[in-house]
Amino acid sequence: MARRPDVHPELTGDRCSDCNGSGTVIADMGGFKAEVDCSQCYGTGLVNSPNACIECYGCGTVIVDFFGVNVETTCDHCGGSGLEPKTELEGDSKGQ
Ligand SMILES: [Zn+2]
Ligand SMILES: [Zn+2]
């Protein structure tokens with residue numbers, strides 16, 4: 001199956017039906033066709049991903065408003081991996 005090379009290999013989920021897992025769809029941009037990130041899966045090609053980053057939905061980048069201009073930047077929450085950082089709550093029994 002097609003998966004974007006920048007999507008983390010450990011990211012799991014169901015294949016997006018909108019883009020068939022490719023992460024991109026063809027949009028009509030006022031007369032000409034352009035390939036854009038799929039809005040269902042945010043370009044990852046996967047939906048319902050249990051370990052996807054909550055900030056960037058697994059794509060590793062977020063769009064920020066930079067003085068009125070949308071700029072794509074690396075997601076701080078996951079460091080760009082697209083995976084939700086694991087919290088060390090489980091199995092952490094060092095005693096008290
Ligand atoms: Zn999709
Ligand atoms: Zn992220």
Open item on the list: Condition first: out of contact with any Asp or Glu (no Cβ under 6 Å at 6 or more places or on another chain), of a type in the set (S, T, N, Q) and without any contact (Cβ under 8 Å) to a residue 12 or more places away in the chain. Can you find one or more residues in segment 47-59 that meet it?
Closed with: no
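Right, T12: surrounded by 12 or more Cβ atoms within 10 Å (Cβ to Cβ) and touching a Pro at 6+ places or on another chain (Cβ under 7 Å) or not?
yes
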Open item on the list: Tell me yes or no: at least one residue of segment 65-73 is at pLDDT below 95, in a loop (DSSP other than H, G, I, E, B), surrounded by fewer than 20 Cβ atoms within 10 Å (Cβ to Cβ) and within 16 Å of ligand 2 (Cβ to nearest atom).
Closed with: no
Open item on the list: Out of everything in segment 25-46 that is part of a strand (DSSP E or B) and within 16 Å of ligand 2 (Cβ to nearest atom), what residue ends up being nearest to P9 (Cα to Cα)?
Closed with: L46
Task: Among (1) at pLDDT below 95; (2) away from ligand 2 (no atom under 16 Å from the Cβ); (3) not hydrophobic (A, V, I, L, M, F, W, C) - the single one H8 does not satisfy - done: (2)
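Restricting attention to segment 52-60, does a residue exist that is under 18 Å from G80 (Cβ atoms) and assigned to a strand (DSSP E or B)? Don't jump to the end; show me each part of the working.
Just the residues of segment 52-60 that are under 18 Å from G80 (Cβ atoms), to begin with: 52-60.
Narrowing the set further to residues that are assigned to a strand (DSSP E or B) leaves 52.
Within segment 52-60, one or more residues are under 18 Å from G80 (Cβ atoms) and assigned to a strand (DSSP E or B).
The values are calculated or read from the model by the stated rules, or taken from the named source; none is laboratory data. What you see is a predicted model; the values in this text were computed from it and never measured. Virtual Cβ from ideal backbone geometry, glycine too; neighbours counted across all protein chains shown.
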